[in-house]
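The values are calculated or read from the model by the stated rules, or taken from the named source; none is laboratory data. In this text, all values refer to a predicted model and were calculated from it rather than measured experimentally. We place every Cβ from the backbone using ideal geometry, glycine too, and count neighbours over all the protein chains shown. Calculation scope for accessible area: heavy atoms of the full protein, side chains included, ligands and nucleic acids excluded. Shrake-Rupley method; radii C 1.70, N 1.55, O 1.52, S 1.80 Å.
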Amino acid sequence: MLILASGSQSRKNLLENSNIEFVQISGDFDEFSIKDNNIKNLAFSLSAGKAKNVLEKINKLKLNINSDISSFQILGCDSIFEFQGRAFGKPLNKKEAFERWEKMSSNYGYLHTGHTLLFCDYVEEEDGTMIKINSEINEVITSKVLFSELTRLEIQKYVDSLEPLSCAGGFALEGRGGKLIEKVEGCFSNIMGLSLPWLRKELLKKGILA
């Protein structure tokens, strides 16, 4: 059983469309507690923090995921867009989103997604059943995003849709922003927050069919 440690709708859609069985549990991890000037390291640390936060939540609330299984996996992900050496999270407002897109038009950047996969087992403790980490896999997948040349009117229309304000980097490949992206080099699904080929590969290594 796979647990997606995220409230992300795009990651949920990716797993559902791939016919991967999973349970979605959102945590309350404080992303601002992690500071790192290295963008890839930051993406890695945030993904690990999210996965382990959900594990703590399950143990604290004594959630019984499935009484018929003895082990499961927790997947944590976090995406950060890098443009000209700077980390771009979600734009704070429409003004910032517009200014970003003016710079990104006819340019390119890199989408880094940290992936953390925890392989967990139920362990009988004297004070009750607990869930502990058997093994952990971490990797940051990077995809290059090349943007189309856009007019100011096109940028303004996209910003007015408000979609950029809820997305890392200020764009959503699976949404209205998809028509503004010229090309993707690297893993396609990674741009939407989760590398499905990576997940499949790591699960298969453990003898688990995705």
Average accessible surface area per residue within the chain, 1.4 Å rolling probe, Å²:
53 Å²
So if I place +1 on the C-beta of Lys and Arg and -1 on the C-beta of Asp and Glu, and nothing else carries charge, what would the dipole magnitude of region 109-210 be about its Cα centre? I want it in debye, nearest 20.
660 debye
Inter-part distance where region 158-198 and region 91-145 are each reduced to a Cα centre, Å
14 Å
How high is the relative contact order of the chain, in percent, with contacts defined as C-alpha pairs under 8 Å that are six or more residues apart?
21 percent
Given (1) 83, 25, 22; (2) 64, 32, 28; (3) 89, 38, 24 as possible values of Cα extents along the principal axes in Å, the one from the coordinates is (2)
Once both label points are put 7 Å beyond Cα along the C-beta direction, the residue 95-residue 165 separation in nm becomes 1.4 nm
State to the nearest 20 debye the size of the charge dipole of the chain about its Cα centre, where the only charges are +1 on K and R beta carbons and -1 on D and E beta carbons.
620 debye
With all protein chains present, calculate the accessible area of residue 176 using a 1.4 Å probe and round the result to the nearest 10 Å².
140 Å²
Give me the distance in nm between label points sitting 7 Å out from Cα along the Cα-to-Cβ direction at residue 21 and residue 157, one decimal.
4.5 nm
Between beta-carbons, use under 11 Å as the cut-off and find the net charge around residue 106, counting Lys and Arg +1, Asp and Glu -1.
-2
Most mobile of 47, 106, 195 per a Gaussian network model of the chain (Cα springs, under 10 Å)?
106
Note the full-extension length gain between residue 59 and residue 30 as 0.36 nm times their separation in residues minus their Cα-Cα distance, in nm to one decimal.
8.6 nm
Taking amide H atoms as placed 1.01 Å from N in the peptide plane, list the residues 5 or more away in sequence, or in a different chain, whose amide H sits under 5 Å from that of residue 23.
2, 3, 4
